[in-house]
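To start, the structure itself, in structure tokens.
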Amino acid sequence: MDFNRKFNESPNHFMVLDAVARGMKKIDSISKVTKLSKDEVVLIINDLLAQKILIKNEKKGFFGNKKIEFDIADIGVKILNTKKQELSEKSDRLQQLYETGDKSQVQGFMDSNRMWIPMMLFSGIMNMMFFASMMSFMGMAMNPAESAVTEGQVDQTTAGAEDSGATTDNSDIGASEIDTSSGGDAGFEGFDGGGFGDF
């Protein structure tokens, strides 16, 4: 399935999934901690809802307002944990290469795994101090996604507090803006990316 391949190759999908797993339940706070635009977060959430990786909960807020929140499904937890394990092994490998002082090997690793660095930093798999010193060693500049994630680490605690508080602000998107009609019954049959096919 195209979605499964796209999903397994999309660090942004995993960043959104990780944000929800850490308690960010609203579009606003997910966007804030991941540094992704609200529009992109909405598209990703639609993908994850359609695959039943996320669950949408509609709650009644004060004054009868609908409050939409998202939770991670069991399959989502398994997929996220599997990806984090894979990325943790890659991070360890990068650290080993860095410690050898072989710039060409570090460069080769970065060329093939660079798109996953923001997810590694966001999820805490890769230490930001190590990443900064490695980039300095290589004489490389951070790309915009890496810069956004490193700057956004400070914001994560405040976004989590906003989600857990009893706020009545319903500035998130409304129920009608989350499209769950496309592929609502789609499962993970034949999901062969990243070793997730056993679930």
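What length, rounded to one decimal in nm, is gained on full extension from F130 through to Q107, with 0.36 nm per residue of separation minus their alpha-carbon distance?
6.8 nm
So what is the relative contact order for segment 81-152, in percent, with contacts set as C-alpha pairs under 8 Å and at least six apart?
33 percent
Starting from the Cα gyration tensor of segment 81-152, take the square roots of the eigenvalues, sort them a ≥ b ≥ c, and report rounded, prolate or oblate (rounded when a/c is under 1.5, otherwise prolate if a/b is larger than b/c, else oblate). Working shown, then result.
Numbers: a/c = 1.73, a/b = 1.14, b/c = 1.51.
Here segment 81-152 falls in the oblate category.
Which entries of K35/K60; K52/K84; K26/K103; K35/K56 show an alpha-carbon separation above 30 angstrom in the structure shown?
Cα-Cα > 30 Å for K26/K103; rest within.
Given axes a ≥ b ≥ c from the Cα gyration tensor, I'd like to know whether segment 15-75 is rounded (a/c under 1.5), prolate (a/b larger than b/c) or oblate. Write down the numbers at each step before the final one.
Details: a/c = 1.74, a/b = 1.28, b/c = 1.36.
Taking the square roots of the gyration eigenvalues as a ≥ b ≥ c, segment 15-75 is oblate.
To the nearest 0.05, what FRET efficiency results for E99 and M140 with a Förster distance of 22 Å applied to their C-beta separation?
0.80
Using the Cα centre of segment 90-156 as the reference point, and only Cβ charges (+1 on K/R, -1 on D/E), how large is the resulting charge dipole? Debye, rounded to the nearest 20.
Numbers: 4 positive and 7 negative charges, 30 e Å.
That gives segment 90-156 a dipole magnitude of about 140 debye.
Gap in Å between the Cα centre of segment 57-107 and the Cα centre of segment 29-44?
14 Å
For segment 65-76, take each phi angle, set θ = phi - 60°, evaluate the Karplus expression 6.51 cos²θ - 1.76 cosθ + 1.60, and give the result in whole Hz per residue in order, putting x for glycine and proline.
Running phi through 6.51 cos²θ - 1.76 cosθ + 1.60 with θ = phi - 60° gives 5, 8, 10, 9, 10, 10, 10, 8, 7, 4, 4, x Hz.
All of the numbers you see were taken from the coordinates with simple rules; none came from a lab. Being a predicted model, the structure only gives us computed values, none of them experimental. Counting neighbours? That spans all protein chains shown, and the Cβs are built from the backbone with ideal geometry, glycine included.
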